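Some notes on the structure that comes next.
The values are calculated or read from the model by the stated rules, or taken from the named source; none is laboratory data. Not measured: the values here are computed from a predicted model. Neighbour counts are summed over all protein chains in view; Cβ atoms, including those assigned to glycine, are modelled from backbone coordinates with ideal geometry. Surface areas here come from the heavy atoms of the whole protein model, side chains and all, with no ligands, DNA or RNA. Shrake-Rupley method; radii C 1.70, N 1.55, O 1.52, S 1.80 Å.
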Amino acid sequence: LANATAGFRYEKNNRYGAAFVPRIAVTKKIENFHFKVLYSQAFRAPSLQNINLALNGHIKPEKSDVLEVEVGYQFTPQMLLALNAFSITTRDVMIYGSTGEGETFVEWYENYARSGSNGLEVVYGIRGKHWYGNFTYSFSTAGKNTVDTYEVPGHSQYVGFAKNKLTLNTNFRLLQDLTFNPTFIYASRRFAYTSI
């Protein structure tokens, strides 16, 4: 009925405990149509500095859940259109904090409950004998987030990230060993901190 792949990663550490993360993929091609469903977990182990500066002496690894669904259609051997939707949620996000100045300066790492994003991406690819082009449009929004320093008040997006992005990547073979590869990127409004 479909191709299925499964795997996992397990790690145990005496300072931050154990983490188990599975990965599952189901893919299928029916003539020119294809689809895939991917679910995976991932974790980021605390670094030495995260452990050394842990608030109250304890820090947990970040753990992420990623769900992706893609459908696509190959119109010709040289032309493909695909739509990918995704949802990413990270729990126990490790965040840096500090307070004071000079002799009163204190810094630490602590876990916040959750962060993440949801969105979709459309990819259109076309290929000629001596050239190709890939056009992508992506849209993403902030997911269920408890990290206030990441958020832009009044907007469902994160600091530094654009909600909308258009990319055109092209390649032209000018000579046997020489190619020209212009890339064009447009990103919608982004926000940044201008003071601390």
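Observations on the structure shown:
- Computed over neighbours whose Cβ is under 11 Å from that of GLN78, the net charge equals +2, Lys and Arg +1, Asp and Glu -1.
- The fraction of accessible area contributed by carbon and sulfur in the chain is 58 percent, rounded to a whole number (1.4 Å probe; ligands and nucleic acids excluded).
- Fully extended contour minus Cα-Cα distance, from ASN164 to VAL152, at 0.36 nm per residue: 2.8 nm
- Residue among GLU68, GLU107, GLU151 with the largest mean-square fluctuation in a Gaussian network model of the chain, springs linking Cα atoms under 10 Å: GLU107
- Calculated Cα Rg over 2.2 N^0.38 Å (choose from (1) 1.04; (2) 1.19; (3) 1.32), label: (3)
- Between VAL106 and TYR193, full extension at 0.36 nm per residue minus the direct alpha carbon distance yields a gain of 29.2 nm.
- Full-extension gain in nm, LYS144 to VAL66, via 0.36 nm per residue minus C-alpha separation: 26.7 nm
- A straight line joining the Cα centroids of the range 123-196 and the range 1-66 runs 25 Å.
- Placing dummy labels 7 Å off each Cα toward the beta-carbon, the span from ALA85 to ARG15 is 4.1 nm.
- Nonlocal Lys pairs with alpha-carbon distance under 15 Å, the chain (8 or more apart, or different chains): 4
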